[in-house]
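One structure is given here, and the rest of the page talks about it.
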Amino acid sequence: MDKTYLAGVIGYPIKHSLSPLLFEFLSKKLKTPVVYLPLAIKTNELKTKLKNAKDLCVFSGVNVTIPHKEKVIKHVDRLTPTAKSVGAVNLIHFKNQTLIGDNSDVYGIKETLKEHKISLRGKSVILYGAGGAAKAVCTAVAQLGAKKVWIQNRTTVKSTKLCRFFSRQFTKTQFSSLSLNKEPKEKIALYVNATPLGMQGFPKKSPLTSLACKNAFAFDLVYRPESTVFLRDAKKQGLQPIGGLDMLIWQAIASWELWFGKVSQRQKLKKALSNYIRKKVL
Ligand code: NAP
């Protein structure tokens, strides 16, 4: 009989997570038996529960979601260079009784930009938000050669802190804080919304100003709903909108490949998975 693998997603609350649905689809489609569990774990339980899971030696890995992406760092044995760069972990690989913290959000962002044939080398980006997802964006766009990253956040001290953290790591990319509702004078190639504005249960607002550069790309990390105020505003202003579903799917495929091996026909698989999620929940 085929081996059945065990994986899951840890967060609190966890009911909202689409990961169990993504992995259920991948397991069926790729004919690999995987039991993928939504695991509601509170912050004060992280250390013990992770240690217990490690000792049991039955997990291939777990995804990590809100509110643990940063807090989990001190409970893993080591970090990949990507997770170290971001300062956040969204998946843990259980390997030979070692917990390795990684970050596939960076991969999800880069793969989405690649799919849309966006080149950032020498170009400028505006990033809205300074939380965990925004940090993954900073690493991704700096790795892709962006010349300048403007970070705008409701709480300025957090955007300033992010600018310092990433300026130290990526010396060829300039990171600067941008005041609320301001637009720099230079040409912008990409706008990224890494706030939950527009997401179900959050204000239906967009951080984009009316002065945004035409023809630039506007990437919203929010995927539920699929059509957000940010994307609609961007389209109205002549920008090219990109929703958050692509990133969500690519980061899940990256987790799958790390735990269960490479998949073939990735584009076809990604398309099938997007259609499945659209039909089921969006
Ligand atoms: P987070 O760590 O909680 O950070 C949220 C950020 O948004 C903070 O900078 C916060 O500002 C800002 N913010 C929150 N509410 C706001 C409001 N009402 N008005 C203006 N700014 C507000 O969250 P996260 O993990 O970075 O996630 C951010 C978004 O990205 C979420 O919608 C999430 O679903 C999405 N995401 C998508 C993917 C994907 O695969 N597509 C992956 C990860 C995340 P303060 O600093 O002032 O609090």
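The values are calculated or read from the model by the stated rules, or taken from the named source; none is laboratory data. Given the structure is predicted, the values throughout are model-derived calculations rather than measurements. For neighbour counting, all protein chains shown are included, and Cβ atoms are generated from backbone atoms with ideal geometry for every residue, glycine included. The area values use the complete protein model at the heavy-atom level, side chains included, leaving out ligands, DNA and RNA. Shrake-Rupley method; radii C 1.70, N 1.55, O 1.52, S 1.80 Å.
Quick look at the values:
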| read-out | value |
| --- | --- |
| Within a Gaussian network of the chain (alpha carbon springs, distance under 10 Å), most fluctuating of Glu45, Glu70, Glu183 | Glu45 |
| Fraction of accessible area attributable to carbon and sulfur, segment 99-189 (%, probe 1.4 Å) | 52 |
| Accessible area in the full protein assembly, largest first, 1.4 Å probe, for Cys138, Cys57 | Cys57, Cys138 |
| Angstrom value of the Kirkwood radius, inverse mean 1/r, which spans all Cα pairs in the chain | 19.4 |
| Cα centroid separation - segment 37-92 against segment 101-124, whole Å | 24 |
| For segment 144-161 versus segment 205-268, the gap between their alpha-carbon centres in whole angstrom | 19 |
| Solvent-accessible surface (1.4 angstrom probe) belonging to Val9, in square angstrom, nearest 10 | 0 |
| Accessible-area ranking of Ser60, Ser179, largest first, probe 1.4 Å | Ser179, Ser60 |
| Accessible area in square angstrom per residue, segment 107-243, 1.4 angstrom probe | 50 |
| Estimated vicinal HN-Hα couplings, Hz - segment 116-128 in sequence order (Karplus 6.51, -1.76, 1.60; Gly, Pro = x) | 8, 6, 9, 9, 10, 4, x, 10, 10, 10, 10, 10, 9 |
| Rh by Kirkwood over Cα pairs, then Stokes-Einstein D for segment 16-99 at 0.890 mPa s and 25 °C, µm²/s | 179 |
| Carbon/sulfur fraction of accessible area - segment 4-43, other protein chains in place, 1.4 Å, % | 62 |
| Overall dimensions of segment 107-243 by Cα: Rg and Dmax, Å | 13.5, 38 |
| Mean separation of Cα contacts under 8 Å, 6 or more apart, over the residue count of segment 107-243: relative contact order % | 20 |
| Positive-end residue, segment 83-216 charge dipole about Cα centroid, Cβ charges, pick of Tyr128, Leu211, Leu99 | Leu211 |
| GNM top mover of Phe166, Phe217, Phe260 - the chain, alpha-carbon springs below 10 Å | Phe260 |
| Ellipticity estimate at 222 nm from DSSP helix runs (n ≥ 4, -39,500 (n - 2.57)) divided over the chain, nearest 500 | -11500 deg cm²/dmol |
| Most mobile of His116, His93, His68 in a GNM of the chain (Cα contacts under 10 Å) | His116 |
